[in-house]
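Novice: Sharing a structure, written as C-alpha cells. Questions coming.
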Amino acid sequence: MSQYDPLIDSAAARLGNALRQLGWRVTTAESCTGGGIAEAITRISGSSAWFDCAFVTYANHSKSRWVGVSEQDLQEYGAVSEPVVRAMASGALLAAEADLAVAVSGIAGPEGGTAEKPVGTVWFAWAVRDREVQTQCRRIHGSRRDVRAQTVLYSLQGLIAEVEKCSVNRSA
C-alpha cells in the first residue's frame, strides 16, 4: 500500500460523485501510469455508472493506433510532450465516446531521463467534450512508485477540477 492510496481513493470517490451528478462518463489514456488511473477509478463501487473503458498506450505505436496520436508528433516532440498528451486526451475522449478524459505520459524512472526531460517529468492533459484541452507539465520527485502514484493523484484532481468548472457553468 502506498502512502498516496487514501488520497487517491478519496479523489476517485469525489470524482465519481461529481460525474454521477452530471450523468457523465470518464476515460483515460495512460502511458507512465500503466492503467493506474483507471484502476483507481474502478476501486470505487458503482464506477461502472461513470466509467466504461480506458487506453493503456505505453508504446508509441499504441498511442497512434488506439488514440490517434500522429507519428509526426511522436517523432518531432517525443512521447513525453504537450502535443502527444493533448492528442491522447482528445483521441480517448472520441474513441470512448466519453464526456471527460485524462491523458498522461511521463518518465517514471529510475532510467530514461534526459537533461531536457529528467526522470519525474510528466505531461498531463484533460479533455472535456466541446471544450479546449487543458495541459500541464509537472516535475515529480521520488521513486518510480512515488512518481506513478502522484501522477494518478494529480490526474484525478485535475478531472475533479474540470468537472467542477462545468458544474459551475451549468448552474450559472
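Novice: Compute the relative contact order of the chain as a whole-number percentage, counting only Cα pairs closer than 8 Å that sit 6 or more residues apart in sequence.
Specialist: 24 percent.
Novice: When the distances between all Cα atoms of the range 62-130 are binned every 5 Å from zero, what whole-number percent does each bin get?
Specialist: Going from the shortest bin to the longest, the percentages are 4, 19, 26, 22, 17, 8, 4, 1.
Novice: So, one more: Longest exposed-loop-site-free stretch of the chain, with GluC sites (Glu not before Pro), DSSP loop and at most 12 other Cβ within 10 Å?
Specialist: The segment 1-96 is the longest one with no such site.
Novice: Any idea how far apart LEU22 and ASP5 come out in nm if each label point goes 7 Å out from Cα toward Cβ?
Specialist: 2.9 nm
Novice: Right, next: Decide, for the chain, between rounded, prolate and oblate: order the square roots of the alpha carbon gyration tensor eigenvalues as a ≥ b ≥ c, take rounded if a/c falls under 1.5, and otherwise choose prolate if a/b is larger than b/c, else oblate.
Specialist: oblate
Novice: Right, next: How high is the FRET efficiency from ARG145 to TYR77, r the C-beta distance, R0 25 Å, rounded to 0.05?
Specialist: 0.40
Novice: Can you show me the helix-derived [θ] at 222 nm for the chain, built from DSSP H runs with n ≥ 4 at -39,500 (n - 2.57) apiece and divided by the number of residues, rounded to the nearest 500.
Specialist: The helix contribution divided over the chain gives -15500 deg cm²/dmol.
Novice: For the range 5-171, build the charge dipole from Cβ charges (+1 Lys, Arg; -1 Asp, Glu) around the Cα centre, then report which of MET88, TRP24, THR121 sits farthest towards its positive end.
Specialist: TRP24
Novice: Work out the length of the dipole vector of the range 1-135 about its Cα centre, built from +1 on the beta-carbon of each Lys and Arg and -1 on the beta-carbon of each Asp and Glu, and round it to the nearest 20 debye.
Specialist: In debye, rounded to 20, the range 1-135 gives about 320.
Quick note: the coordinates plus some simple rules give every number you see, no bench work behind them. Since we're looking at a predicted model, the values are computed, not measured. Glycine gets a Cβ as well: all are built from the backbone with ideal geometry, and neighbour counts include every protein chain shown.
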